[in-house]
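Undergrad: Sharing a structure below in structure tokens format, with a few things to ask.
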Amino acid sequence: MTERPEAIVFDYGGVFTLPDSLRPEFEMYERALGLPAGALLEALGSGPAWEAVSVGAISEEEYWRQVVGEWEGRLPPAFGRFRHGTLPFETINGEMVELAKRLHGQVRLGLLSNATISLRAHLERLGWPMHLFEVIGISAEIGRRKPDAAAFRWAAEQLGVPMERILFVDDKPRNVEAARAAGMRALLFTTVSELAERLREMGLRV
């Protein structure tokens, strides 16, 4: 049996959310602009402006101007809600929330998300179960973003747990690899059922 971790730190987007839930809406916008499928989502979630806003180096308003300025007049007003990033509008993965509830009290839990400054307020408005997590690291608040090793060290320091006693879970291979390089154990998230099976192998009741 794999050794039981002392703490588990989760990514938020793509683990606790279903990113594909936005794809049909974005494909509609992309067709209207004559853009290839995935272009708008990529523009909002990658590149220099996203990297800057997700560590608090620029405002969400400046991020929006840099990323969408050339298209804004050609998009419907509803598109403007994404000026805070897409994470606040992705469908919540309810199965994953239930898994976190089952883990709560067995192992210490943390959250580490690359996101804009608005994410915490959005989660509070949703009534999302933030109380399950001892540490919530939102990159724009802490000034560090994955895959920077400093982000993983921040989470470990806040939890007061050695890196090697923490299990990190993320849906992006580059972040999983970076967490391992920083000294954490790490799993690539694919499905809730697969994650649950791996956690049971570690002696957790899920």
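The values are calculated or read from the model by the stated rules, or taken from the named source; none is laboratory data. Every value quoted in this text rests on a predicted model; they were computed, and no experiment measured them. Every residue, glycine among them, receives a Cβ derived from its backbone with ideal geometry; neighbour counts consider all protein chains shown.
Undergrad: Give segment 115-143 a look and list any residue that's among the aliphatic types (A, V, I, L, M) and either closer than 25 Å to ARG205 by Cα or assigned to a loop (DSSP other than H, G, I, E, B) (or both), or say none.
TA: Correct list: ALA115, ILE117, MET130, LEU132, VAL135, ILE136.
Undergrad: Next up: Restricting segment 74-114 to residues that are aliphatic (A, V, I, L, M) and over 28 Å from VAL206 (Cα atoms), which is surrounded by the most Cβ atoms within 10 Å (Cβ to Cβ)?
TA: LEU75
Undergrad: Restrict the check to segment 89-111 and report whether at least one residue is in a helix (DSSP H, G or I) and under 30 Å from GLU62 (Cα atoms).
TA: Yes, some residue in segment 89-111 is in a helix (DSSP H, G or I) and under 30 Å from GLU62 (Cα atoms).
Undergrad: Keeping to segment 135-170, report how many residues are of a type in the set (D, E, K, R) and farther than 20 Å from ARG108 by Cα.
TA: Matching residues across segment 135-170 total 5.
Undergrad: Can you run down the residue pairs with Cβ atoms below 9 Å, 6 or more apart or on separate chains, where the first is in segment 89-103 and at negative phi and the partner is aromatic (Phe, Trp, Tyr) and in a helix (DSSP H, G or I)?
TA: Here the result reads PHE89/PHE82, each pair linking segment 89-103 to a residue that is aromatic (Phe, Trp, Tyr) and in a helix (DSSP H, G or I).
Undergrad: Going by what's in this entry, would ARG23 be described as free of Cβ contacts under 8 Å to residues at least 40 places away in the same chain, under 21 Å from PHE189 (Cα atoms), of a type in the set (Lys, Arg) and not in a loop (DSSP other than H, G, I, E, B)?
TA: The answer is yes for ARG23.
Undergrad: Could you tell me whether any residue of segment 157-170 is closer than 14 Å to GLY13 by Cα, hydrophobic (A, V, I, L, M, F, W, C), in contact with a Ser or Thr (Cβ under 7 Å, 6 or more places away or on another chain) and modelled with pLDDT of 95 or more?
TA: Checking segment 157-170: not a single residue is closer than 14 Å to GLY13 by Cα, hydrophobic (A, V, I, L, M, F, W, C), in contact with a Ser or Thr (Cβ under 7 Å, 6 or more places away or on another chain) and modelled with pLDDT of 95 or more.
Undergrad: While we're here: Which of the residues that make up segment 19-49 are closer than 22 Å to PRO147 by Cα and touching a helix residue (DSSP H, G or I) at 6+ places or on another chain (Cβ under 7 Å)?
TA: Hits for segment 19-49 are LEU41, ALA43, LEU44, ALA49.
Undergrad: Checking the structure you have, find out if any residue of segment 113-124 is touching a strand residue (DSSP E or B) at 6+ places or on another chain (Cβ under 8 Å), under 24 Å from ALA196 (Cα atoms) and of a type outside the set (Val, Ile, Thr).
TA: Within segment 113-124 (the criterion being touching a strand residue (DSSP E or B) at 6+ places or on another chain (Cβ under 8 Å), under 24 Å from ALA196 (Cα atoms) and of a type outside the set (Val, Ile, Thr)), the answer is yes, since at least one residue qualifies.
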